[in-house]
Every structure is written in structure tokens, then in C-alpha cells.
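The structure appears below as C-alpha cells.
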Amino acid sequence: MKICCIGAGYVGGPTMAMIAKQCPDIQVHVVDLNAKRIAAWNSDTLPVYEPGLDEVVREARGRNLQFSTSVDEAIAASDIIFISVNTPTKTFGMGAGRAANLEFIEKCARQIARVSHGHKIIVEKSTLPVRTAEAVGRILNSSGNEATFDVLSNPEFLAEGTAVQDLINPDRVLIGGESAQAIETLAGIYARWIPREKILTTNLWSSELSKLTANAFLAQRVSSINAISALCEATGADVDEVARAVGTDSRIGPKFLKASVGYGGSCFQKDILNLVYLCEHFGLREVAAYWEQVVSMNDFQKRRFGERIVKTLFNTVSDKHIAIWGWAFKKDTNDSRESAAIHVCRDLLREHARLFIYDPRVGEVQIREDLVHSFADASGHIHPAHQKLIDENVTIARDCHAAADGAHAIAVMTEWDEFKNLDVGKIYSNMLRPAFVFDGRNILDRKLYREIGFEIHTIGRS
Ligand code: UDX
Ligand code: UDX
């Protein structure tokens, strides 16, 4: 059997590498329009940083896993075609700021229709609005050639930073579709390493909606605990204690109750906005407003964090040196899409702070690109004054110490493990007084920082 995947991103790359690892007899071909990304997948420095991924790729690459830009050839040769291209929020036209941009999905469907012969199974891996599969099916089946298609929805639930473990041992695999035979073919691949009882099958629309719903529920938990964190700061309660007490209720459970500077990542916001758009489309205004509040709360949390820094630093950060520890949207990934760090740093730059940023995995080019993007208008233009702010007030540091050298304050934006084991005394001795720390992830040893002389501010504690 031969399979291919269009889109070699954070989802397509690791997922296909895992299938290739687990099924040495299946040829897996991952294709992408982006030649640079493909070259990176073929090199020793993969474009996606995930613990354990290098080993998985190394085992299968050249055996039954290949990466290339030959999209037409890969489609024509494959029995199963995964679509894992990105579906960003639309920035223009109808549904701008909410609806998913399905342009790439539609282009993929047309390309598949054009070059296919015989029968193929098309698998939606990308997270999509409900009923997209129907549109994909219609495009495929009106190509005019003799090829026939089954469309399945198989959303991916892996989380970045733990992708390899999530792929080896997922809570469930979800396959939605109409053709029992096509479902069985795909289920048979996963069943090589995943117990059958974990492979759930549904109709197409349930599968598409389940993915949006799962992400909305997860984001809602983070927004819920973050809402309570604001109340904790006002009342003297401790949000981590509240989370522990609440999470021991087996009906609630302990996961996804970690208060933070705000969730990020490519999925939560995009998928909730997508859900909101769908609800509005179907006239369900109250349902739309309910879910939209999850995003508003997250925006509030990010804004609040920056405001707290400014207020604490005597109401001005102008020309003050602030060390930013962490840029990725969570630890163990090099992905910074929608990272809270971007929003907080944009707000601090507006206040004319000087930022010294360090992240173990996100490089300078990406950080600057993210900042430019955060200031840009809908058509991508940035005002020269904002560009100047970035050029003159942002320095990328080589480590935590360098970032904090001579600083007024440190802000922790990502929960990287290395931030927990630093020489705190040395950092303190190189900072200005009073030395402030704002821990946006509640990972630092508060007691230690205080003993050394820092004034430490954390999330959800007064
Ligand atoms: C993406 C979506 O964000 C997510 O909603 C979906 O569930 C899976 O796909 P991710 O893998 O993180 O997630 O996206 P990204 O890293 O941007 O990868 C998408 C890749 O598709 C890019 O490398 C892009 O070059 C490629 N692509 C996009 C194509 O090859 N062809 C296209 O027409 C469009
Ligand atoms: C998420 C879903 O978990 C995954 O199933 C889906 O396939 C894609 O979207 P991801 O965005 O990669 O995965 O990471 P996740 O671990 O869910 O974290 C998302 C954001 O929430 C991060 O910024 C993280 O720091 C934040 N978060 C998570 C919290 O602030 N508190 C928590 O308790 C959990």
C-alpha cells in the first residue's frame, strides 16, 4: 500500500513519520509546496522540534518514508491521500477574523481530482469546519475523469511538545466517514499499533465537529482557570491551590487547569473562532457568544499580564530593560504561533520597553517576524514607527543570563524546564534594584527568588 500526505507541517510530518515507523511495509510520501521545509525534513535539522521525533524520522526515512515537493507524482501513486495543509483564520472578505480559510484545502482537492486514476481514499487531517468533507467530495467527484473517491475525516489530536508520545499512545483515533470499507482500510493502519477499542468511528460531520469541540473544551478549561486567577489575585487565594482542590474532583479532573499568561498555539483560537462562525451561520447567536468568551478571556489574560508589569514598574517601562524568557507557545516545541509572548511583547514595545528575548528553540528570524506580524494591519503593512520600535528595542539573547544582564525585570513566558534550574543568585547580582520577576507560568521557586532579594509576581496570587 502507498500513502501520501499533502502538508509537511507540525501535524503532517510527525503523523506520517509515525505511520512509516509502525508500518515498514507501507510506503509513505510526504509532500509540501515549501521546498525549504522539505529540504529540512531531509536534513539532520528537522523543521519541527519534538522530543523523540529525530529517532522516529531517522528510522523510517529512506526506508519507507520520503519527503519531496513532487505533489502530483505522490498523489497519482497513492491509495490513501492525507490532506494536512494549514487552514488559517481568514483575514479578508466574508467571515474575516473568524472563518477558516479553506483555499488550500480546495486547491488540494482540485489537484487530487486532476491527477488521480482508479480509486483513492482522501483523508482530512486538517481541522476543518463541519461539512467541509462534503465540499471536498463534490470537487473530487466532478473532475470528469474516471477516478473514484471516498472521503474520510481523521482529525489529529496530538499536542505539540508531546507529539511522539501522543502518536504512539493516543487517547483515541477518530475516523468519520460513509464508506465502511474505506473506514476499515484506514482503521487497519492505526490498528497495527493502537488497540482497536481506541479507534472510534462516526459519521463525517460528527468527526469534524468533535475536533473543534475538543479544542474548544480544552481552551475553555484554561480560560476558566485563568478567569479564576484574576479573582485569586484580588482576594488572596492561590490559583494553583484552587486548581489542585478543584481538580481532585474526579468529575472535573486535574488536567488543563494550569493558570498561565494565556494559551497560544495554532489551534485553540482558530478552532474556537471557527466554531463561533459556524454557530452564527446557523443562527445560534447565544451559542456563538458563549464560545467567543473563551477567546475574550484569553485576550484579557495576556493584556492583564503586560499591564501588571507596567503598573508594578512604577507605571512606566519606557527605556527599561526587560528580559523575556521563552517565546514558544509552550515548552518542548519551536512553534510560536499565537504565543502569548508575542502579544505581551507587542504591548510592552508600545510602552517603549527594551526587550532582551531568549528562547531555547525559537530563533531570531522567527521572533522578529512574529513581532512585525503583531503590529501589521490586515493587509500585512507595518507602520515605520512600529518597525523602528522592533529594530531598536528588541535584542535576541543567547541565554537567560544574557537576557537578564542589567535588566529591571524578567518576564517568564514559556515553561521551559531550563528556566527552573538557573543560578538565581548570579542573575540577581547582575540586575538593577529593585529586581522584579513576573512568572507567567508559575514555574519558578518563589521562595528562593524572594530569599535572594527578588520581588516576584506570579499568576493567580496576590
Ligand atoms: C495544520 C493546520 O494548522 C491545522 O488546523 C490542521 O489540523 C493541520 O494542518 P500544522 O501542521 O501545524 O497544522 O500546519 P503547518 O505547520 O502550517 O503545515 C502546513 C503545511 O502545508 C505547510 O508546510 C505548507 O507549506 C503546506 N501546504 C499548504 C502545502 O503543501 N500546500 C498548500 O496548498 C498549502
Ligand atoms: C492542542 C490540543 O491539545 C490538541 O489535542 C490538538 O490536536 C491541537 O491543539 P497544542 O496547541 O499543541 O494542542 O498544545 P496544548 O498542550 O493543548 O496547549 C495549548 C496552549 O494552552 C499552550 O499555550 C499551553 O501553554 C496552554 N495551556 C495548556 C495552559 O495555559 N494551561 C494548561 O493547563 C494547559
Requested in this report: For the chain, just the Cα set please: Rg and Dmax, both in angstrom.
Outcome: 23.4, 75
Report summary line: Computed for the range 325-380: size of charge dipole around the Cα centre, +1 on C-beta of each Lys and Arg, -1 on C-beta of each Asp and Glu, debye to nearest 20, value 120
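From the helices alone, meaning DSSP H stretches of at least four residues, give me the mean residue ellipticity at 222 nm for the chain, per-run term -39500 (n - 2.57), in deg cm²/dmol to the nearest 500.
Details: 18 runs with 207 residues, N = 462.
Taking each H run of at least 4 residues, the total per residue is -13500 deg cm²/dmol.
Assuming R0 = 56 Å, what is the FRET efficiency of S143 and R368, from their Cβ-Cβ distance, to the nearest 0.05?
Values: r = 43 Å, r/R0 = 0.77.
Efficiency, rounded to the nearest 0.05: 0.85.
Rounded to the nearest 0.05, what FRET efficiency is calculated for S70 and H383 with R0 set to 51 Å and r the Cβ-Cβ distance? Before the final figure, lay out each step's value.
Details: r = 42 Å, r/R0 = 0.82.
The formula returns an efficiency of 0.75 here.
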Query - With Cα atoms, 0 to 90° folded angle of helix 384-393 axis to the chain main axis - result: 70
Report summary line: Restricting to lysines and to Cα separations under 19 Å from K311, and discarding same-chain partners fewer than 8 apart, the set is K302, K320
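Could you calculate the contour length gain from K107 to L448, that is, 0.36 nm times the residue separation minus the distance between their Cα atoms, to one decimal place in nm?
Details: separation 341, 0.36 × 341 = 122.76 nm, distance 5.54 nm.
Between K107 and L448, full extension yields 117.2 nm more.
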Query - Distance in nm between pseudo-label sites at A180 and S429 (7 Å out along the Cβ direction from Cα) - result: 7.5
**Report entry** Estimated inter-spin distance, A159 and H401, nm [label 7 Å along Cα→Cβ]
**Finding:** 3.3
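Among the chymotrypsin sites (Phe, Trp or Tyr not before Pro) within the range 300-381, which fall in a DSSP loop and have no more than 14 other Cβ atoms within 10 Å of their own Cβ? Can you show the working numbers first?
Values: sites: F300, F305, F314, W325, W327, F329, F356, Y358, F375; in loops: F314, W327, F329.
Here the chymotrypsin sites (Phe, Trp or Tyr not before Pro) that fit, given the DSSP loop and packing criteria, are F314.
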Report task. At a Cα cut-off below 21 Å, give the lysines reachable from K125, other chains included and same-chain residues fewer than 8 away excluded. Result -> K2, K21, K90, K107, K198, K211, K270
**Report entry** Summed residue charge, Cβ within 14 Å of I228's Cβ, Lys/Arg positive, Asp/Glu negative
**Finding:** +1
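What is the range 184-257's relative contact order, in percent, from Cα pairs under 8 angstrom and six or more apart in sequence? Let's see the in-between values first.
On the way: 28 pairs, mean separation 14.8, N = 74.
With pairs under 8 Å counted, the relative contact order is 20 percent.
Sorted by accessible area (1.4 Å probe), largest first, how do T395, T235, T132 line up? Please report the intermediate quantities before stating the final value.
On the way: T395 55, T235 95, T132 10 Å².
Per-residue accessible area, sorted high to low, gives T235, T395, T132.
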Query raised in the report: Using alpha-carbon pairs under 8 Å, 6+ residues apart, how would you state the relative contact order of the chain in percent?
Result: 12
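Tell me the trypsin sites (Lys or Arg not before Pro) within the range 203-268 that lie in a loop according to DSSP and have at most 12 other beta-carbon atoms within 10 Å.
Values: sites: K211, R221, R244, R251, K255, K258; in loops: R251, K255, K258.
Counting only loop positions with at most 12 other Cβ atoms within 10 Å, the trypsin sites (Lys or Arg not before Pro) in the range 203-268 are R251, K255.
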Query - Efficiency of FRET from Cβ geometry, D171 and S43, R₀ 41 Å, rounded to 0.05 - result: 0.80
Query raised in the report: How much solvent-accessible surface does V151 expose, in Å² to the nearest 10, with a 1.4 Å probe and all protein chains in place?
Result: 20
Query raised in the report: Pairing the Cα long axis of helix 204-235 with the longest principal axis of the chain, what angle in degrees results, from 0 to 90 and rounded to the nearest 10?
Result: 10
Requested in this report: Return the whole-Å distance between the Cα centroid of the range 430-462 and the Cα centroid of the range 128-198.
Outcome: 47
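Taking only C-alpha pairs under 8 Å that are 6+ residues apart, what is the relative contact order of the range 10-96 in percent?
Details: 77 pairs, mean separation 31.6, N = 87.
Result for the range 10-96 is 36 percent.
Can you give the extra length, in nm with one decimal, that the chain gains between K311 and A191 once fully stretched, where that is 0.36 nm per residue apart less the Cα-Cα distance?
Values: separation 120, 0.36 × 120 = 43.20 nm, distance 5.51 nm.
My answer for the length gained is 37.7 nm.
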Requested in this report: Give the residue from I183, I199, A289 lying farthest towards the positive end of the charge dipole for the range 158-309; charges sit on Cβ (+1 for Lys and Arg, -1 for Asp and Glu) and the dipole is referred to the Cα centre.
Outcome: I199
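Could you work out the equivalent-ellipsoid semi-axes for the range 70-195, taking the square root of 5 times each eigenvalue of the Cα gyration tensor, largest first, in whole Å? Provide the component values of the computation, followed by the final result.
On the way: eigenvalues 108, 94, 33 Å².
Semi-axes (√(5λ), whole Å): 23, 22, 13.
The values are calculated or read from the model by the stated rules, or taken from the named source; none is laboratory data. Just so you know, these numbers come straight off a predicted model, no measurement behind them. Reconstructed Cβ throughout: ideal geometry from the backbone, glycine too, with neighbour counts over all protein chains shown. These area figures cover heavy atoms from the full protein model, side chains too; ligands, DNA and RNA do not enter into them. Shrake-Rupley method; radii C 1.70, N 1.55, O 1.52, S 1.80 Å.
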